[in-house]
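Reading through the structure tokens given below for one structure.
The values are calculated or read from the model by the stated rules, or taken from the named source; none is laboratory data. Please read all numbers here as calculations on a predicted model, not as lab measurements. FYI the Cβ positions are ideal-geometry reconstructions off the backbone, even for glycines, and counts take in every protein chain you see.
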Amino acid sequence: MESTSEVLMTRKPGREVHRHWPDEVKAQIVSESLRPGAMVNEVAERHGLKPNHLSTWRTMERQGKLVLPAPEDAVEFAAVIVDPPVSEPPIKKASRPEIIIGSVTIRLEEGASAVRIAAVARACAVPA
């Protein structure tokens, strides 16, 4: 796509040349600088700007003071591969409750109540 841009240049007596960039041109240059892999210094040089000038425009864009043009390739697609769900291995139910303390394993009777398990655990607890 071919595009042209116009920049108004003015000279005040005793001063350097001032360029007035239309917002559309600023937005186009900022958009170019935001592309993946683009470097502010390179984009600024390509357009005859000082890098800090372009950085100021980028700040204006972040603050919502400069509206960027819609990207030419606004719609992007990505491949999605859906694997079947991984089934969780079944939880092994212990037929007998176990209390493990270091290298010692205490196996209680099948169907031991929570009260019984807690009592055995308290009895095995080592005072601090």
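Could you please let me know if Arg35 is at pLDDT below 90 and touching a strand residue (DSSP E or B) at 6+ places or on another chain (Cβ under 7 Å)?
no
Of the residues Ala74, Ala70, Ala94, only one is under 30 Å from Val43 (Cα atoms), modelled with pLDDT under 70 and of a type in the set (Gly, Ala, Ser); which?
Going through Ala74, Ala70, Ala94 in turn, just one is under 30 Å from Val43 (Cα atoms), modelled with pLDDT under 70 and of a type in the set (Gly, Ala, Ser): Ala74.
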field: Verdict on Thr56 being outside the structural domain of Ser31 (by TED's automatic domain parsing), outside any loop (DSSP other than H, G, I, E, B) and modelled with pLDDT of 80 or more
entry: no
query: Of the residues Ala118, Ala123, Ala114, which is surrounded by 10 or more Cβ atoms within 10 Å (Cβ to Cβ) and either in the same structural domain as Pro36 (by TED's automatic domain parsing) or modelled with pLDDT of 80 or more (or both)?
result: Ala118
